[in-house]
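S.K.: Quick one: the structure is below, and I'll ask about it shortly.
The values are calculated or read from the model by the stated rules, or taken from the named source; none is laboratory data. It should be emphasised that the depicted structure is a prediction, and the values quoted were computed from it without experimental measurement. Every residue, glycine as well, gets a Cβ built from its backbone with ideal geometry; the counts of neighbours run over all protein chains shown. Quick note on the areas: whole protein, heavy atoms, side chains included, nothing else; ligands and nucleic acids left out. Shrake-Rupley method; radii C 1.70, N 1.55, O 1.52, S 1.80 Å.
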Amino acid sequence: MTSSYLGLAALDAVLLLAGFGLLVGLGLVRSGWDALRHAGLALVAGWAAVGVAGSVALVLGAPLDWWVVSLLALALAAGGLLLARRVGAYRLSAVREPGPAAWVAVAGAAVVVVQLADLFRRSASAAATTEWDAWAFWLPKAISIVEFGGLDTAEGGFTSFAGPNYPPLLPALEASAFAFMGDTGAVPLAVQHWVVAAAFVAALASLLSVRVRPAVLWPSLAMLVLLPTFTVLVGSSLGDEALMLLLALGGACGALWVLERDPRYAVLTGLFLAAAALTKNEGPAIAVALGATMLGVALVRRPRRLLAPALVLVAPLAALAPWSLWIRLNDVPAQSDYRGSDLLDPGVLADRLDRLSFAARELPAYLFEPGRWLLALPLMLAAVVLAAPRRPALSLLAFVHVGAVTAGLLVVYWIGSPPVDFYVATTAGRLPALAVVPAAVYLPLLLAEASRPKQPPG
């Protein structure tokens, strides 16, 4: 078991290498202090980038041995270093908190540390995940990548399990962990998932601190790590766990691009949304909605600078293209609980209106239930209203994100094939994470901008 954890430590070092290379290339890390401050951002950026690169490598027929993953990380780091020769340094200055309000920040930070420590204790002492979907297809797919030396359509291979058309990013990352561990035991994965979750929180702290005062930022992060369903999903090995983190990071970077208009944030947004598109079938639509909103914001601004948001919009589609081609070339069946083509059939939609009305009645309880999500979503919606007069673009982005997830869930329940009561009962407890976790991330930005003097739209 000790060797497995040492292997995971080596994997995290490789992910940090890739992430720091990317951040150096963007000019965000050019000193030891920058590296320390942005270590969390480096790890999640490396995690997302290696996940995307590993997915493409699998599609091209490569295995995901430890040395392949290491070479991918080295290539990403080398690309970042080459980019750094043309991109200047860009230091993210953090907002300071003078006076007694600093103690509010200290209290919030203390809650974050204590909660993360408790999550680590739980992860280190936990057995393997017991989530049904994790063992029905997420982990078996990862194990098949290791045992078959990559993607395989033979019996027992990648496409033998439920959801064979699901994108491969999460199985690729889990297979990378298995490769570094030297076995396919699932127990140590909980600690690896904790590392990613802790890096996610640290990344948000370093990113959002450029606009949000600590007395607002740290209590908001405390609420985020205390969200009951967030803590349940961390270590679950479900696709929803990775997708909620990637969408929240993409939303945070997209929001910072809206506010700062710096293309570096657009690059990070594109990276996280590309990874989100390769995580689950729900990812591309949400990613495209965010990219389209950013492009719409750029269209109404003067001067118009469309290249960065256009690339953000294209990034998830481009990342998904190799996988879509692989599915077609290998005749992988599109097994799912719903068919998107049914949206074009008025007869089907009319026949299933009862499903839509049932889902519309039931879903709000899952989105707003304090026992699952505290008050994250209503607080964010209130902050959207408060910030709209000063930062309409930011409010729009946050609202579109939550709205896209909610509308997507209603559509899936409407056109889905399982009994709608069963469908809602078995999925609505976790899928709202794709909206509510990002909502908790938008909240401190919205509150900070609501309190600023009004400026020209944008």
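S.K.: Please enumerate the residues belonging to the stretch 58-67 that are open to solvent by 20 Å² or more (accessible area, probe 1.4 Å) and not in a helix (DSSP H, G or I).
M.R.: Scanning the stretch 58-67 gives L60, G61, A62, P63, D65.
S.K.: Still on this model: Quick one: count up the residues across the stretch 302-317 that are under 16 Å from A266 (Cα atoms) and either assigned to a loop (DSSP other than H, G, I, E, B) or open to solvent by 60 Å² or more (accessible area, probe 1.4 Å) (or both).
M.R.: Of the residues in that region, 7 qualify.
S.K.: Would you check if there is a residue in the stretch 93-107 being under 25 Å from the mean Cα position of the chain (by Cα), on the phi < 0 side of the Ramachandran plot, without any contact (Cβ under 8 Å) to a residue 12 or more places away in the chain and surrounded by fewer than 14 Cβ atoms within 10 Å (Cβ to Cβ)?
M.R.: No, there is no match, as no residue in the stretch 93-107 is under 25 Å from the mean Cα position of the chain (by Cα), on the phi < 0 side of the Ramachandran plot, without any contact (Cβ under 8 Å) to a residue 12 or more places away in the chain and surrounded by fewer than 14 Cβ atoms within 10 Å (Cβ to Cβ).
S.K.: Considering only the stretch 143-172, how many residues are surrounded by fewer than 22 Cβ atoms within 10 Å (Cβ to Cβ) and in contact with an Asp or Glu (Cβ under 7 Å, 6 or more places away or on another chain)?
M.R.: Number satisfying all stated conditions: 0.
S.K.: Confirm whether W194 is touching a Gly at 6+ places or on another chain (Cβ under 7 Å), assigned to a helix (DSSP H, G or I) and open to solvent by 30 Å² or more (accessible area, probe 1.4 Å).
M.R.: The answer is yes for W194.
S.K.: Would it be correct to say that S55 is among the polar types (S, T, N, Q) and in a helix (DSSP H, G or I)?
M.R.: In short, yes.
S.K.: Here are L41, L71, L15: which of them is at pLDDT 95 or above and open to solvent by 10 Å² or more (accessible area, probe 1.4 Å)?
M.R.: None of the other options fit; the residue is L71.
S.K.: Whether any residue in the stretch 80-90 is touching a helix residue (DSSP H, G or I) at 6+ places or on another chain (Cβ under 6 Å), within 27 Å of G283 (Cα to Cα) and surrounded by 16 or more Cβ atoms within 10 Å (Cβ to Cβ) is what I want to check.
M.R.: Yes: the stretch 80-90 contains one or more residues that are touching a helix residue (DSSP H, G or I) at 6+ places or on another chain (Cβ under 6 Å), within 27 Å of G283 (Cα to Cα) and surrounded by 16 or more Cβ atoms within 10 Å (Cβ to Cβ).
S.K.: Looking at the stretch 335-371, which of its residues are over 30 Å from T229 (Cβ atoms) and either charged (D, E, K, R) or modelled with pLDDT of 95 or more (or both)?
M.R.: Of everything in the stretch 335-371, those that are over 30 Å from T229 (Cβ atoms) and either charged (D, E, K, R) or modelled with pLDDT of 95 or more (or both) turn out to be D345, D351.
S.K.: Could I ask something else about it? Being of a type in the set (S, T, Y), over 19 Å from the mean Cα position of the chain (by Cα) and part of a helix (DSSP H, G or I) is the filter here, so list the residues in the stretch 133-191 that pass it.
M.R.: Result: S144, T159, S160.
S.K.: Just name the residue that is modelled with the lowest pLDDT out of those in the stretch 319-334 that are in a loop (DSSP other than H, G, I, E, B) and of a type outside the set (A, V, I, L, M, F, W, C).
M.R.: P333
S.K.: Restricting attention to the stretch 373-420, which residues are open to solvent by less than 30 Å² (accessible area, probe 1.4 Å), of a type in the set (A, V, I, L, M) and more than 15 Å from A439 (Cβ to Cβ)?
M.R.: Listed by number, the residues that qualify are A393, V412, I415, V420.
S.K.: May I ask you to list pairs of residues, at least six apart or on different chains, whose Cβ atoms are under 6 Å apart, with the first in the stretch 30-50 being in contact (Cβ under 8 Å) with a residue 24 or more places away in the chain and the second being of a type in the set (F, W, Y) and assigned to a helix (DSSP H, G or I)?
M.R.: Every condition considered, the pairs that remain are A42/F20; V44/F200; A48/F272.
S.K.: Here are the criteria: (1) part of a loop (DSSP other than H, G, I, E, B); (2) open to solvent by 40 Å² or more (accessible area, probe 1.4 Å). Tell me which single one G429 does not satisfy.
M.R.: (2)
S.K.: Take the stretch 251-303 and flag every residue that is over 13 Å from the mean Cα position of the chain (by Cα) and of a type in the set (S, T, Y).
M.R.: Passing the criteria: Y265, T293.
S.K.: So in the stretch 18-30, with the set limited to residues that are open to solvent by 40 Å² or more (accessible area, probe 1.4 Å) and not aromatic (F, W, Y), which one is farthest from A45 (Cα to Cα)?
M.R.: R30
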